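Please read the structure below before turning to the comments.
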Amino acid sequence: MRRLSVKLADRSYSIVIGERALDRLPDELSSLAPTRLLIVSDQNVAPRYAAALARKLAALAPVTTKVLHAGESSKTLATVEQVLDALFECSADRKSMVVALGGGVIGDVAGFAASIFMRGIRFVQVPTTLLAQVDSSVGGKTGVNHAAGKNLIGSFHQPSLVVADTATLTSLPTRELSAGLAEVIKHGLLADEHYFELVESRMSDLLACDAGLLEDIVARSCEIKADIVARDERESGERALLNLGHTFGHAIEALAGFGTWLHGEAVGCGLCLAADLSRRLDLLGGADVDRIEHAVARARLPTRIGGLGRSDALRAMAGDKKAEAGEVRFILLERIGRAVQRRVPADALDATLRAGGYT
Ligand SMILES: NC(=O)c1ccc[n+]([C@@H]2O[C@H](COP(=O)([O-])OP(=O)(O)OC[C@H]3O[C@@H](n4cnc5c(N)ncnc54)[C@H](O)[C@@H]3O)[C@@H](O)[C@H]2O)c1
Ligand SMILES: [Zn+2]
């Protein structure tokens, strides 16, 4: 069992990682003294884990469970309202807590609902996908999509605790495991060359769900993210580096229709596009671009998603949250293990999109 901490003064919290970490949740939560608990989960996760979790938590406070539809299509304001309704129905008060049991979709929706219920109540992240364990459960970004784009409605609301039980990953479909590896590759690329090498060399063990290795990976990715978040919680600078591959990725998700490509799949492809763009700006060598594409492909993720339009992609990227006054800044790679934020000339961007199969 590992314990990390996200150091954010009075909003600091622990991340507990390991096989059967869920067994520790009641003890971890008891000092937070919740008056009521609402477990928010989805149709795939709830039947496997919600009842056992509710039983474990029942000694602490009355527990209610709210089950949402699975998948990206649940990241809407309407779903947030369903969670708020459930909180009122179970007579939650300002000392009650939300337990987000599921992947990144559940964490983002339940966390956002917690952030606005009675102007904000505490919540716990219990991530059950690799993507959520290595990335989305840490850092306090919560929110939903809008027709205008991905994650455009939301808030910063840090959890009070994160418990990542790696045993839950054994029931995860392989496509979802691959999607999580996109964020793992991203962490290596932007912050730690040795970590990238480890992930690259152990990809087949990761895809085979090697328990010890998964625990190491979840811990190292959380550490990388927690350190960056501790230095720049509200993304006024360094935290933007965590968006490597995401300006492209968010555009792919929105243009193809939310849910067509998994977030991690769009990010995997986005990492390849970001590498290609870095090469065009003379930041990164061709061999490194090939190495990155190879790692993404070995994780069984798409390196190219064709059939999308260049002008649509440019419009979507200009509407991304990271754009200011319509100008998009990209996160690029200076080398494997080091990312930078740059403005990008239109011709280089256009060439990358063409090379990436955009029409
Ligand atoms: N807040 C952040 O900082 C942040 C960071 C990265 C990604 N995200 C968001 O996270 C979302 C993607 O998260 P995700 O990939 O976890 O998607 P997800 O929540 O849709 O989960 C993926 C699928 O796996 C199923 N599932 C979850 N756990 C399972 C388990 N243990 N066994 C079997 N099935 C299981 C779910 O029901 C779902 O069908 C995106 O919306 C993305 O924008 C947020
Ligand atoms: Zn992401």
Legend entry - Environment charge at ALA70 (Cβ cut-off 11 Å; Lys +1, Arg +1, Asp -1, Glu -1): -3
Legend entry - Cα centroid separation, the range 196-259 to the range 130-191 (Å): 8 Å
Legend entry - Rounded D (µm²/s) - the chain, Kirkwood Rh over Cα pairs, Stokes-Einstein at 10 °C, 1.306 mPa s: 78 µm²/s
Inset, instruction - Please give the peptides 163-176, 271-284, 241-254, 194-207 ranked by average Cβ packing (other Cβ atoms within 10 Å per residue), highest first, as a rough proxy for protection. - result: 241-254, 271-284, 163-176, 194-207
Inset, instruction - Give the distance, in whole Å, between the Cα centre of the range 49-67 and the Cα centre of the range 300-359. - result: 43 Å
Inset, instruction - Could I have the simple spin-label model distance between ARG231 and GLU89, label points 7 Å from Cα toward Cβ, reported in nm to one decimal? - result: 4.5 nm
Legend entry - Pairs from LYS56/LYS225; LYS66/LYS225; LYS7/LYS321 whose Cα-Cα separation, in the structure shown, is over 27 Å: LYS56/LYS225; LYS66/LYS225
Inset, instruction - Output the peptides 302-311, 113-122, 132-141, 93-102 sorted from most to least packed, where packing is the average of other Cβ atoms within 10 Å over each peptide's residues. - result: 132-141, 93-102, 113-122, 302-311
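Run the numbers on the chain and let me know its relative contact order in percent, using alpha-carbon pairs under 8 Å that are six or more apart.
Worked out over the chain, it gives 15 percent.
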Inset, instruction - Show the residues, 5+ positions off or on another chain, whose built amide H is closer than 5 Å to the amide H of GLN43. - result: LEU68, ALA70
Inset, instruction - Evaluate the Debye formula for the range 102-233 with equal point scatterers sitting on the alpha carbons, no solvent, and hand back log10 of I(q)/I(0) at q = 0.14, 0.17 Å⁻¹, in q order, two decimals. - result: -0.62, -0.89
Inset, instruction - Working from Cα positions, state the angle (0 to 90°, nearest 10) between the long axis of helix 174-191 and the longest principal axis of the chain. - result: 70 degrees
Inset, instruction - Rounded to whole Hz and in sequence order, give me ³J(HN,Hα) for the range 101-114 from the Karplus expression 6.51 cos²θ - 1.76 cosθ + 1.60, θ = phi - 60°, writing x for Gly and Pro. - result: 10, x, x, x, 5, 5, x, 5, 6, 5, x, 5, 4, 4
Legend entry - Within a Gaussian network of the chain (alpha carbon springs, distance under 10 Å), most fluctuating of LEU177, LEU255, LEU131: LEU255
Inset, instruction - Could you pull out every residue, at least 5 positions away or on a different chain, whose amide H is within less than 5 Å of the one on GLY337? Hs are placed 1.01 Å off N in the peptide plane, and Pro or chain starts have none. - result: LEU190, ALA191, ASP192
Inset, instruction - Report, to the nearest 10°, how far helix 263-280 tilts away from the longest principal axis of the Cα atoms in the chain, using its own Cα long axis and a range of 0 to 90°. - result: 30 degrees
Legend entry - Cα shape, the range 5-108, gyration tensor, a/c 1.5 rule: rounded
Legend entry - Per-residue HN-Hα couplings for the range 88-96 [Karplus 6.51, -1.76, 1.60; θ = phi - 60°; Hz; x = Gly/Pro]: 5, 4, 8, 6, 5, 10, 6, 9, 7
Legend entry - Cα gyration tensor, the range 124-181 - rounded (a/c under 1.5), prolate or oblate: oblate
Legend entry - In Hz, Karplus ³J(HN,Hα) per residue of the range 17-23 (6.51, -1.76, 1.60; θ = phi - 60°; x = Gly, Pro): 10, x, 5, 6, 4, 4, 4
Inset, instruction - Return a whole-number percent for the relative contact order of the range 264-359, with Cα pairs under 8 Å and 6 or more residues apart as the contact set. - result: 35 percent
Legend entry - Gyration tensor (alpha-carbon) shape descriptor, the range 187-227, a/c threshold 1.5: oblate
Legend entry - Helix-derived mean residue ellipticity, 222 nm - over the chain, DSSP H n ≥ 4, -39500 (n - 2.57), to 500: -13000 deg cm²/dmol
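Only the coordinates and a few stated rules stand behind these numbers; no lab work does. In this text the structure is predicted, and so the values were computed from the model without any measurement. As a convention, Cβ positions derive from the backbone with ideal geometry for all residues, glycine included, and neighbour counts pool all protein chains shown.
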